[in-house]
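**Student:** Have a look at this one before I ask anything.
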């Protein structure tokens, strides 16, 4: 029974390079919540600003890395953007 089930199941493919900036920002936000909960009030501001800036810079670096390394990005497939689907018409 498991063989028939596994043959019909196709696992989803995730592009982790494209998701990396979102995951970095989410991780920085979660770390910020933990800092808010456990760091003393006197040093909380500096910790929050540091986590925020490091998270934003890391997400931008991941975004730049993804833009350089992803061959299937929308920018490299411009011919697909020019094609009109069959049966479509432009309404002005």
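The values are calculated or read from the model by the stated rules, or taken from the named source; none is laboratory data. Keep in mind it's a predicted model, so treat the numbers as computed, not measured. Ideal geometry is used to build each Cβ from the backbone, glycine not excepted, and the neighbour counts take in all protein chains shown.
**Student:** Sort out which residues of region 62-92 are touching a helix residue (DSSP H, G or I) at 6+ places or on another chain (Cβ under 9 Å) and either at pLDDT below 65 or surrounded by 11 or more Cβ atoms within 10 Å (Cβ to Cβ) (or both), and write them in order of number.
**Tutor:** Going through region 62-92, the residues touching a helix residue (DSSP H, G or I) at 6+ places or on another chain (Cβ under 9 Å) turn out to be 62-63, 65-67, 69-70, 73-75, 80-81.
Those that are touching a helix residue (DSSP H, G or I) at 6+ places or on another chain (Cβ under 9 Å) and either at pLDDT below 65 or surrounded by 11 or more Cβ atoms within 10 Å (Cβ to Cβ) (or both): 62, 63, 65, 66, 67, 70, 73, 74, 75, 80, 81.
**Student:** Moving to a separate point now. If I ask for residues that are at pLDDT below 95 and outside any helix (DSSP H, G or I), which ones from region 1-49 would you list?
**Tutor:** 1, 9, 10, 11, 12, 13, 14, 15
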